[in-house]
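S.K.: The structure under discussion is supplied below as structure tokens; questions concerning it will follow.
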Amino acid sequence: MLALRNVSAGYAGFQALFDVSLEVMAGETVAVIGPNGAGKSTLLRVISRLIDATDGEMTMEGRRLNDVASYELLSHGIAHVPENRRLFPKLTVEENLRMGAFVPQARAHFDERLARVYQLFPRMKERRRQPAGTLSGGEQQMCAIGRALMSGPKLLLLDEPSAGLAPVVVQSIFETVRRMSAEGYTVLIVEQNIRQVLKVATRGYLLETGRIRAAGTAGALLDTDEIKKAYLGI
């Protein structure tokens, strides 16, 4: 579905990604793991066309993404849940969800998708008339994921969904990712919580200092000595 070939990118003279290649197949949950500052969020911003790739090629279902405008990504089937959620705090939960369905092809399915989001996140239905800015951190993350799902994406990009959340809430968020995976959603997730994310992912890539250092099934990555010593404290 999604393929990156030797992608490099950076900011104003600082190179953050070096020759990154990865693939996400339909129905997979793929994790990009690594320490803070490794380039994980930059990778998602490049895929979302918020940052230009300086080299390499990106394709989605065989269609080149490099020259696609960021506002056209939803029409290509890609939805991005950014770090820190980026909700509209003064709008209600349901108004935020409605914003996720603003593209013409999504409007016709609004009621159906809203019901699906409320099924995934019953608390969002309870809070549907509440301003999003008054929600807890975990509830805001649920709302942000729900907003992305309202567009009916083929590929969902999740940027550090567990960041800043209490452990019990983190468990709930990863359980939601597991449920989405079981229902056939295709997910690319970047995370520092390596132990948790590799429990719900199909495959993973280890990104360090802007380069892919290892790749494999989630189980195989969890079992490598490098990850055990450097990230799991084993």
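The values are calculated or read from the model by the stated rules, or taken from the named source; none is laboratory data. No experiment lies behind these values; they were computed from the predicted model shown. All Cβ positions, even for glycine, are placed from backbone atoms using ideal geometry, and neighbour counts span all protein chains on display.
S.K.: Of the numbered conditions (1) of a type in the set (F, W, Y); (2) part of a loop (DSSP other than H, G, I, E, B); (3) in contact with a Lys or Arg (Cβ under 9 Å, 6 or more places away or on another chain), F102 satisfies every one except a single condition; which is it?
M.R.: (3)
S.K.: What about R98, is it among the basic types (K, R), under 22 Å from V190 (Cβ atoms) and at pLDDT below 95?
M.R.: Criteria not met by R98.
S.K.: Additional query: Can you confirm whether L198 is over 20 Å from V20 (Cβ atoms) and touching a helix residue (DSSP H, G or I) at 6+ places or on another chain (Cβ under 6 Å)?
M.R.: Here the answer is no, as L198 does not meet what is asked.
S.K.: Given the conditions (1) of a type outside the set (F, W, Y); (2) surrounded by 17 or more Cβ atoms within 10 Å (Cβ to Cβ); (3) closer than 30 Å to E126 by Cα; (4) touching a residue at least 60 places away in the same chain (Cβ under 8 Å), which single one is not true for N84?
M.R.: Looking at each condition in turn, N84 falls short on (2).
S.K.: Test of understanding: among R129, R86, which residue is modelled with pLDDT under 90, assigned to a loop (DSSP other than H, G, I, E, B) and among the basic types (K, R)?
M.R.: Of R129, R86, the one residue that is modelled with pLDDT under 90, assigned to a loop (DSSP other than H, G, I, E, B) and among the basic types (K, R) is R86.
S.K.: Against the condition touching a residue at least 24 places away in the same chain (Cβ under 8 Å), part of a helix (DSSP H, G or I), more than 22 Å from L50 (Cα to Cα) and in contact with a Leu (Cβ under 6 Å, 6 or more places away or on another chain), how does V117 come out, does it pass?
M.R.: yes
Residue-wise test of (1) at pLDDT below 90; (2) part of a helix (DSSP H, G or I); (3) basic (K, R).
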{"site": "A144", "(1), (2), (3)": "no, yes, no"}
{"site": "R147", "(1), (2), (3)": "no, yes, yes"}
{"site": "P153", "(1), (2), (3)": "no, no, no"}
{"site": "L157", "(1), (2), (3)": "no, no, no"}
{"site": "P161", "(1), (2), (3)": "no, no, no"}
{"site": "G164", "(1), (2), (3)": "yes, no, no"}
{"site": "V177", "(1), (2), (3)": "no, yes, no"}
{"site": "G184", "(1), (2), (3)": "yes, no, no"}
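S.K.: While we're looking at this one, here's another question. Please go through region 193-234 and pick out each residue that is in a loop (DSSP other than H, G, I, E, B) and either within 11 Å of A31 (Cβ to Cβ) or not polar (S, T, N, Q) (or both).
M.R.: Filtering region 193-234 for residues in a loop (DSSP other than H, G, I, E, B) gives 193, 201-202, 209-210, 223-224, 231-234.
Scanning region 193-234 gives N193, A201, T202, G210, D223, Y231, L232, G233, I234.
S.K.: Just one of the numbered conditions (1) under 19 Å from the mean Cα position of the chain (by Cα); (2) more than 19 Å from G146 (Cα to Cα) is not true of E57; which one?
M.R.: Of (1) under 19 Å from the mean Cα position of the chain (by Cα); (2) more than 19 Å from G146 (Cα to Cα), only one is false for E57: (1).
S.K.: Follow-up. Criterion first (within 28 Å of Q105 (Cβ to Cβ), modelled with pLDDT under 95 and assigned to a helix (DSSP H, G or I)) does Q171 satisfy it?
M.R.: For Q171, the condition - within 28 Å of Q105 (Cβ to Cβ), modelled with pLDDT under 95 and assigned to a helix (DSSP H, G or I) - is not met.
S.K.: Still on this model: Assess whether L50 counts as being surrounded by fewer than 17 Cβ atoms within 10 Å (Cβ to Cβ) and touching a helix residue (DSSP H, G or I) at 6+ places or on another chain (Cβ under 7 Å). Even if it seems obvious, please write down each step before you answer.
M.R.: Values: surrounded by fewer than 17 Cβ atoms within 10 Å (Cβ to Cβ): yes; touching a helix residue (DSSP H, G or I) at 6+ places or on another chain (Cβ under 7 Å): yes.
Yes; evaluated as a whole, the condition is true for this residue.
S.K.: Quick check on this structure: which one of R113, R123 is modelled with pLDDT of 90 or more, in contact with a helix residue (DSSP H, G or I) (Cβ under 8 Å, 6 or more places away or on another chain) and over 16 Å from P153 (Cβ atoms)?
M.R.: R123 is the lone residue from the list that is modelled with pLDDT of 90 or more, in contact with a helix residue (DSSP H, G or I) (Cβ under 8 Å, 6 or more places away or on another chain) and over 16 Å from P153 (Cβ atoms).
S.K.: Checking the condition in a loop (DSSP other than H, G, I, E, B), small (G, A, S) and in contact (Cβ under 8 Å) with a residue 12 or more places away in the chain, which residue from A79, A26, A9, A31 passes?
M.R.: Only one candidate passes the filter, namely A26.
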